[in-house]
Every structure is written in structure tokens, then in C-alpha cells.
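Here's the structure we're looking at; comments come further down.
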Amino acid sequence: MPSMNRSTPGVSAGIADRLPKWLVPNLSGLNMVALFIALLLIGLLLVPVAQVMIVAFQDPATGAATLQNFLDFFRTSLFRESFWNSFYVSAMSVVVATAIALPLAYITTRFHFAGSVLIQSLGFIPLIMPPFVGAVAMQLIFGRNGTVNLLLRDYLGFDIPFMEGLNGVILVQSIHYFPFILINLSASLRNIDRSMEEAAQNLGSHGMRLFRRIVFPLAMPGYIAGAALVFIKVFDDLGTPLLLNVNNMLAPQAYLRISSIGISDPMGYVISVILVVFSVLSLWASFLFMRGKDYATVQKGGGGMAKRNLKPAEKMLAYGVVIFILLLVLTPHIGLTLLSFGTIWSFAPLPDGYTLQNYVTMWEGSKSFIMNTLLYAGIAATADVILGTAIAYIVLRTNIFGRKGLDYLATAALAVPGVVLGIGYLRTFHSVDVPFVGEPLASWWVVIALALMIRRLPYALRACMAALQQVSLALEEAAESLGATKKRTIYKIVVPLMKGGLLAGFVTSFATAAVELSATIMLVSSNQDAPLAYGIYLFMQTPSGRGAGAALGVVAVLLVAAGTLASQVIIERDKKAKASADMH
Amino acid sequence: MDQTGIKIEDLHLSFGETQVLRGVNLDIRPGEFFAFLGPSGSGKSTLLRAIAGFGPTPHGRILIGDRDVVGLDPWKRNVGMVFQSYALWPHMSVRDNVGFGLRERRVPAKQIRDRVDAALDLVGLAHLADRMPNQLSGGQQQRIALARTVVVEPEVLLLDEPLSNLDASLRVQMRRELLHLQRKLGLTTIFVTHDQEEANTTSDRMAVLDGGVIQQIGTPQELYDRPANLFVANFLGTANIFEGRVEIDGDVARFHTKTGEVLTIPASGNLDGSNVVLRPQNISMTQAPEQDALKGEVLHREFLGSQIRYLVKVAGAEIVVDQSHSAGRDWFDPGAQVHLVANTSSAVIL
């Protein structure tokens, strides 16, 4: 067609061709993408965190390097106390979470037990509720004047300080986070080849001795992985202690210092450094422990642990333990639901009456919270899946220089507590003005979405990596050998085949970003920019707002539950489709 | 050393609705190296595991020595088992793995040390005592698994496909070592395999299993030369099978195939059956016509080194013929018209 206006090669030779080669390296499309992601991660993760570190070691007045801030920190008795409290609460949460998870994992993996399905599904319910949401409901049930203690006092004449001070944090956190141990420990137990146990029986071992010497040591890596995760999560968590009004812990102290004194106060930064160091140390310790201990021993045709039938007495005991634990675990949900439908609930085992008014109040007062949440979490999850796919592809399928670095950098977000990222953003971006908006970046709503994006990226990246690993390299090579370019291959073959995994990654990122509090609470600059989690926090501040707050909490739980369910359905359907495709 | 025999009487076992063993009877002599041979799903591993006490409790009797062990916990049997996957515990060193059974038996520490050393010496790996299992090669893991089992001095030794995870050359070496070790210790040993060569080269006697039933018991030669049924004939080596009937004419027995060929067969063996089994190496092939020869056409040729294997079409059937090969010998091309003469003295009627 004569009208086609195509530039000839000679004309397109622009200024770039006349510059020296090293200034304009010949970057392919994928290289450009890798470079862009690297810059993004550096700007949104590395620089803010580095900023926090630097400020912690700077004299606030002169800017000179100093350890004075840390000396001040450890000289202040409140901070010393907060430090030990955080440590104590995290360690105790691991202990209590283990006490909850170990029997459940053991019973479901070792015995034919009809309740196993129940545990598999109900055991994960705590994860779909942000811990701070359940905290208030737990007060009403386990608190000094909560259901359990009122009944205990009436009938037995004593009460138990479940929720007093640090106990409350420990109880709420361990109930919320024990699934991490349950999931990892169950997987480990299931991955032990049956012959491992049989070999020991064959040599004369059985019962508790067999469990202690063979089974538990082999499951140890899974347990440690779960326990380290629980420790870090609890150590870093801000929402639960805040809502329970336990301020003498590290994360609440960091938040309170920054929000009340301001971003120039060095103590918030010192605490941030301590939080990061502990996160990294626990991850490192668990890594060291697990190094060279890949005990996944299931062999072809091995089929994991032999399950045995329970004797009637054992069955009674097992059911008793499981029902007790599940009731305990479901307390926050039961309490939250009651609170959201209750009229007044105070000094009584149950609410005085039931109403839908809380939901009306909630809806009127929090439409903007919900809309904001959908917007922020939507942006974060979309960006996560796109970034995750790109990083996964670059890491697994190319040999671009520094590709491992991208993976490490994206995953490093795991070790950065939300409070720290929030403080880093405040500090780094308060002097950066957004063009055309006329606001500092730090108080612009988009920064919340960006923080959520960085926070959720490690999880989305794992999902994308898993999805890409399922796409055989041969499929890609087949397309390329038939003449498709790299770009077309990715677009037409790889991404469509990853669809299920990507969708699942999106949904989980979305659902968990929707209820994230620790980073957002630092970054919310006005109530009309606030997301749902912050809304719940606001409602829960006043006794009269608790009902509506609980209603909003129910919305949050349903949102996360729907997301989790959807991603499970997607993954299962994808698996089935792949399995049937493999059979042909 | 006292040697223990194993006697199995009318053993039945099922996984839920599926019957896996249907009436197994077996008498393994003290000190014997005995093989269970069969295809996958034949029940051979299930039978071995039942002897060790793993899997569902069977009906029937399993006598180890004079003791019926059915229903007895595995840890009360003193039966040594080496697992297909070796099942070395990855969190314990080689020494701890090998010493495990002795510690369970509350043997004093000093003795444990000596006996572990002796067991490691026996398998020639004393220098690896302080390694972790994942630092060992497949063959080394195999030997450690063996040492771990024999160190407790079990009454019988059970080997579940012990060579299947090794590569081909190592497998040949290991099976010799296994046999050597078994002879040295004099342990009654059962060896499960799906590989007839393994069973043939190691075992004193073997049982061929199919569908949860023992098809035949005997020495490798007996089973190969005198298979009891078509399954055994086919499973042990290659067999040409012709359908037809036996006719006896005085001292001479003849087999008339369905397609009209007639083979003179020895009148001394079993003559009751409607199939004749001819091994490929018992048929010779010439270009020139010979008396009593079957006419055929070569369809396909495989060079196997010491032998050339031909697929020959004879009267509608395809039969396999092996001719030994040496340098300079002629061979037939596909399409060649040939004459086959069966060495019927080794033919078996089934």
C-alpha cells in the first residue's frame, strides 16, 4: 500500500547512533523490563529502608554518624521494657501456637480421623481474619469481664487473666498465627516417607520413642520454618497491641513516637532498626538450621506416613482435643459476629439484644473506607502479579545479569515490618512533591497502594514462580521454533498457561492487602483516604463505635474469606485441567 | 549361627475390597537365598511386608522358625528389612543410623560402637561412619542400609527391590556382593525383584507370583526349563508358544499345531496340554530346505551382540528365533525365505 508511511533505516538513525556505544547499551526488551523493576524496587524498598537505617545512626541535630540514639534507647526504661515485652510476647506466642498446632498436625497426619477435613479447613480460618479485628471480640469473651470470666466467677468463684496486658497479645497472636506452624508441620509430617518410620519399627522402635527419635526430627525443618514465621509476625505486629491498648511493645512505641512527636524523632528509627534486625536474624537462624536438611523423603510410590486407626478411647480423646482447640480458635469469629449483631454487650456473657443497626451505621460511615480498600488493594494486587510474572520469568527463564538479585530484593520485603516501611516512606517521600497534585508523595493516597504492593510482592512472586515452573520450557521452545518471537511467546503461550496461578496470586494479594494495617496506619494522612483496616481501628477506638467496627470487621473477614476460597478454587481447577491435559 | 526357616500357610491379604494375596503357601529353608519374582502388582512386595509386619494384618499363618508372627507388632519380630528407598534417616550420621537398632535393644554403648564398626567393616565402609546419608552415593547408601539391618542380627533378612535404585553396572556388582554377604552370614534371605536376571543370578530358589498367587516355586533352572504354566514361561525369558494338540503314536509323541505343522516331541515329559513352548535359542534357521523344517519369512532383525534375534513369520504366527553370532557369520535380511528346525528335545507342553 503506497500510503503506508514507513521510515527507512537511514532516517531512523538518530542521536543515539552518534553517541559512544557504552552510553547507550543495546538493551533488549526484557533487559529494559528488568532494569525498570530493579529501579522500582530500589526506589520503593531499598532506599526507604536504608533511609530509616541511616537516620537511626545519625545525630538528629547535626546529621553526624553516632550510636547515641541506640544508647538513649537502651537507657530509657520504657524502651528496655518494650524490647523485652516484644521478645517475650513473640516467644510465648510461638509456644502457645505450637501447643495448638502440634496435636492438630499429629492427629491429622498420623491417624484415620474423620475430623481431619474439619481441621484442614477450620484450622486455617484464623488466617482470614486480621488479628487486630479479632482482638476486641477476644476482650469481650476472654477479658476480665468477658463471657468466660463472668461464668467462671459466677460458678467457680475465680477468674483467669487471659487478656491482661501481654497475655492478651499472646493469646490473640497465637490463635491467629498458629496455622503457619500447622501448615508447615503437617506438610513436613506428610512428606516423611513411610519407610523412614517402618525402618525404625523394623529395628525395634515404636510409640513415643519412635516419634521423638525419627518422626519429629524429620519434621523439624517444617516446624522451625513455621515457628520462625510466627515469631517474626508477632514481633513486627502493630495492630493487635494497639487495639488491646498494650503500648509497651516495640512496634506500638515506634508508631506512637512518629505519630505524636514527628518524623524527626530518632527513637522510631532505632526501633525500626531493631525490628528489621530481629526479622532478619530469625529468618537467618531458621535458614541456618534448615541448611542441608531437606528431609522431604517421600519416594516414588512411598505415599507418606502410614495412618492407623484410633482405638475408641483414643478417638474420644482426639475429638475432645480437636473440638476444644477449634472452639478456642473460632472465638474471635464468634465474638466478632455477636458483637456486630449485638446492641449493648457489657458485663454480660452475651449481648443484651440483637440488631442490624450496626451494619447500617457501618455502611453509612464507611463507604469510603470500603471503596478506598478496593482501589488500593486492587492497584497493589494488579501491580504485584505483573511484577511477579516479570520477575519470575526473568529469574527462571533468562540469564540476564543480576536476575537473582531481583528475586532477593523482591523477597527481602518479607523481612521489612510494615511499620518500618511506613516510617521509611514518610521520611523518604515527605520532601518529594507529586507533579500536578501539589502534595508531598508521602501523604498522597497512591503511596498507600505502593506500600501494599511492596508488602505483598514476596507472596505474589512465589505464586508466579510456582505458576511458571508448571509451564514446561518445551512449550515455549516449541512456539519459538515455529517462529514466534520471545515477546509473542510470553504473551501467547507462557502467560495464558500461567493464568490460573496468576489469578490465585492476585486474589490472595488482594485479600491480604485489603486488611493490612501496620504500613497503612503510618501513611494515612486523612480519614477520607483511609482504607478498611484503618476504619476498623477508628471505630474500635470508642465503645459506641465497637458494634459498627465489628460489622466492618465482618466485612473484612468475608472479603478475605471469599478471596481465599476463590484462589483455592482457581488453583484446584487449574490443577485438574493440567492433570487431565497431562494424561492425553 | 542358628538358621531360621520361614513357613507361610494359606495366607490371604486384602486392601479394603482388593484382594492382594490369595492363598499363598511357601516353605523357605534355613539359610536359603530365596527370591520373590513377579510383575508390579503381583503381590510380591505385599507378601514381603506381611512377613515384616507392615500393611494390613493377613489371614493365615507366617511361621518364622516356630513362631507364628501374624498380628505381632513389627518391632517384636526380629526380622531385618532393607527398604527399596534404603530409608536412611537423613538427620542421623551413618554411625547413628547403623547403631539405631542396637540402642533400641539397650545394648551398652561400648558394644554398640564395636558392633557398628564391625558391621561397617563388613560392607567395606568403615571410613564413612561420620558422614551424613545425603553425602553418600546410591551404592554406599545401599550398603549402609544393609549394615544397619544385619547389625541387629535378625533371624531373617528381607530385601525389597534392593537394587532397583542403582545404575546398571553397579547393580551387577551389588548383587554379587549381596550374595557373598548372605553366604558369609548364612542368613535366611528373601529378595523381592521384578527383574528375572537378578532373581536367576542370586537366588537358590524362587517363587514366581502373579495376581497374588504363587505360580511356581523352584530353582531358576527348573523354572526356566520346566515352566509350570504359560505365565511363568512368558515371564522368564522369551517363549514361542504354539497352540494345538498332542498325539501319541506308540513311542513317538507329536504335537500338531493349529496351523498344521507337526513337531516331534520327547515322549518322556508332560504330554498333557494344548500348548507347546519353544525357547528362541532352540530353533535353528537355514536357507536350504531341511527335513521337518518349517518355512518362514524373516520380518525383522535385532543385533544383540552375542546373538541375533529374528522375528520370523511362520504360517500366520510370528516367532522369535535367536541365532548365536560370531564375526564373519552370515545373517538373514528381512524378507529372506528361511527354514526353521526346532530342537524339540527342550520343548515343553503346557
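Looking only at residues of the stretch A:395-433 that are part of a loop (DSSP other than H, G, I, E, B) and of a type outside the set (A, V, I, L, M, F, W, C), we find that the one that is most open to solvent (accessible area, probe 1.4 Å) is A:Asn399.
Among the listed residues B:Arg22, B:Arg67, identify the single one that is touching a strand residue (DSSP E or B) at 6+ places or on another chain (Cβ under 6 Å) and over 30 Å from A:Pro217 (Cα atoms). Sole residue among the options that is touching a strand residue (DSSP E or B) at 6+ places or on another chain (Cβ under 6 Å) and over 30 Å from A:Pro217 (Cα atoms): B:Arg22. Scanning the stretch B:52-65 for residues that are away from chain A (no Cβ under 12 Å) and touching a helix residue (DSSP H, G or I) at 6+ places or on another chain (Cβ under 8 Å) returns B:Pro58, B:Ile62, B:Ile64. Just one of the numbered conditions (1) at the interface with another protein chain (Cβ under 9 Å from one of its Cβ atoms); (2) open to solvent by less than 60 Å² (accessible area, probe 1.4 Å); (3) farther than 30 Å from B:Pro58 by Cβ is not true of B:Arg103: (2). Has the stretch B:251-270 got any residue that is assigned to a helix (DSSP H, G or I) and either of a type in the set (A, V, I, L, M) or touching a residue at least 24 places away in the same chain (Cβ under 8 Å) (or both)? Within the stretch B:251-270, none of the residues are assigned to a helix (DSSP H, G or I) and either of a type in the set (A, V, I, L, M) or touching a residue at least 24 places away in the same chain (Cβ under 8 Å) (or both).
Residues considered: A:Phe539, A:Phe506. Of these, the only one that is of a type outside the set (Ser, Thr, Tyr), part of a helix (DSSP H, G or I), closer than 30 Å to A:Thr355 by Cβ and open to solvent by 30 Å² or more (accessible area, probe 1.4 Å) is A:Phe539. For the stretch A:415-455, name all the residues that are under 21 Å from A:Leu281 (Cα atoms) and basic (Lys, Arg). A:Arg455 - this is the single residue of the stretch A:415-455 that is under 21 Å from A:Leu281 (Cα atoms) and basic (Lys, Arg).
If I go through the stretch A:169-204 residue by residue, how many of them are in contact (Cβ under 8 Å) with a residue 12 or more places away in the chain, of a type in the set (Gly, Ala, Ser) and within 14 Å of chain B (Cβ to nearest Cβ)? Number satisfying all stated conditions: 3. Of the residues making up the stretch B:294-319, those that are within 16 Å of B:Glu261 (Cα to Cα) and open to solvent by 30 Å² or more (accessible area, probe 1.4 Å) are B:Lys295, B:Glu297, B:Lys313, B:Ala315, B:Gly316, B:Ala317, B:Glu318. Of all residues in the stretch A:29-68, which are open to solvent by less than 70 Å² (accessible area, probe 1.4 Å) and assigned to a strand (DSSP E or B)? Passing the criteria: only A:Gln58.
Does any residue of the stretch B:188-201 turn out to be over 25 Å from B:Ile6 (Cβ atoms), away from chain A (no Cβ under 14 Å), in a helix (DSSP H, G or I) and among the hydrophobic types (A, V, I, L, M, F, W, C)? So far as the stretch B:188-201 goes, no, none of its residues is over 25 Å from B:Ile6 (Cβ atoms), away from chain A (no Cβ under 14 Å), in a helix (DSSP H, G or I) and among the hydrophobic types (A, V, I, L, M, F, W, C). Considering A:Val432, A:Val416, A:Val420, A:Val395, the condition of being in contact with a strand residue (DSSP E or B) (Cβ under 9 Å, 6 or more places away or on another chain), over 15 Å from A:Ser525 (Cα atoms) and of a type in the set (A, V, I, L, M, F, W, C) is satisfied by A:Val432 alone. Take B:Asp68 and decide whether it is more than 13 Å from chain A (Cβ to nearest Cβ), farther than 15 Å from B:Ile190 by Cα and charged (D, E, K, R). So B:Asp68 passes the test.
Among A:Ala61, A:Ala101, A:Ala91, which is the only one that is touching a Gly at 6+ places or on another chain (Cβ under 9 Å), small (Gly, Ala, Ser) and closer than 30 Å to A:Gln253 by Cβ?
Result of the check over A:Ala61, A:Ala101, A:Ala91: A:Ala101.
Tell me yes or no: at least one residue of the stretch A:350-359 is closer than 27 Å to A:Ser518 by Cα and touching a residue at least 60 places away in the same chain (Cβ under 8 Å). Yes; the residues of the stretch A:350-359 include at least one that is closer than 27 Å to A:Ser518 by Cα and touching a residue at least 60 places away in the same chain (Cβ under 8 Å).
When B:Ile112 is tested against the conditions (1) within 13 Å of chain A (Cβ to nearest Cβ); (2) surrounded by fewer than 19 Cβ atoms within 10 Å (Cβ to Cβ), the lone failure is (2).
Return yes when A:Tyr459 is open to solvent by less than 10 Å² (accessible area, probe 1.4 Å) and on the phi < 0 side of the Ramachandran plot and no when it is not.
Here the answer is no, as A:Tyr459 does not meet what is asked.
For (1) within 14 Å of chain A (Cβ to nearest Cβ); (2) touching a residue at least 12 places away in the same chain (Cβ under 8 Å), each residue gets a yes or a no:
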{"residue": "B:Ser40", "(1), (2)": "yes, yes"}
{"residue": "B:Gly43", "(1), (2)": "no, yes"}
{"residue": "B:Thr46", "(1), (2)": "yes, yes"}
{"residue": "B:Ala50", "(1), (2)": "yes, yes"}
{"residue": "B:Leu72", "(1), (2)": "yes, yes"}
{"residue": "B:Val82", "(1), (2)": "yes, yes"}
{"residue": "B:Leu88", "(1), (2)": "yes, yes"}
{"residue": "B:Asp121", "(1), (2)": "no, no"}
{"residue": "B:Leu125", "(1), (2)": "no, yes"}
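Mind checking which residues of the stretch B:131-171 are open to solvent by 60 Å² or more (accessible area, probe 1.4 Å) and in a helix (DSSP H, G or I)? B:Asn134, B:Gln135, B:Ala168, B:Ser169, B:Arg171, listed by residue number.
Residues in the stretch A:205-230 that are of a type outside the set (A, V, I, L, M) and closer than 22 Å to A:Leu281 by Cα were compared, and the one that is nearest to the other protein chains (Cβ to nearest Cβ) is A:Pro221.
Within the bounds of the stretch A:142-162, is there any residue that is within 27 Å of A:Tyr106 (Cα to Cα), surrounded by fewer than 23 Cβ atoms within 10 Å (Cβ to Cβ) and over 19 Å from the mean Cα position of the chain (by Cα)? Yes: the stretch A:142-162 contains one or more residues that are within 27 Å of A:Tyr106 (Cα to Cα), surrounded by fewer than 23 Cβ atoms within 10 Å (Cβ to Cβ) and over 19 Å from the mean Cα position of the chain (by Cα).
Listed residues B:Asn97, B:Asn78, B:Asn25; which is within 24 Å of A:Leu210 (Cα to Cα) and open to solvent by 20 Å² or more (accessible area, probe 1.4 Å)?
Matching residue, one of B:Asn97, B:Asn78, B:Asn25: B:Asn78.
For the structure I just gave you, tell me whether A:Leu473 is open to solvent by 60 Å² or more (accessible area, probe 1.4 Å), at negative phi and not charged (D, E, K, R). Spelling it out, A:Leu473 is indeed open to solvent by 60 Å² or more (accessible area, probe 1.4 Å), at negative phi and not charged (D, E, K, R).
Can you find even one residue in the stretch B:74-85 that is in a loop (DSSP other than H, G, I, E, B), over 25 Å from A:Asn191 (Cβ atoms) and not polar (S, T, N, Q)?
Within the stretch B:74-85, one or more residues are in a loop (DSSP other than H, G, I, E, B), over 25 Å from A:Asn191 (Cβ atoms) and not polar (S, T, N, Q).
The values are calculated or read from the model by the stated rules, or taken from the named source; none is laboratory data. These figures come from a predicted structure and were not determined experimentally. Quick reminder, even Gly has a Cβ in these numbers, built from the backbone with ideal geometry, and neighbours come from all protein chains shown. We work out accessible area using only protein heavy atoms, side chains counted, and drop any ligands, DNA or RNA first. Shrake-Rupley method; radii C 1.70, N 1.55, O 1.52, S 1.80 Å.
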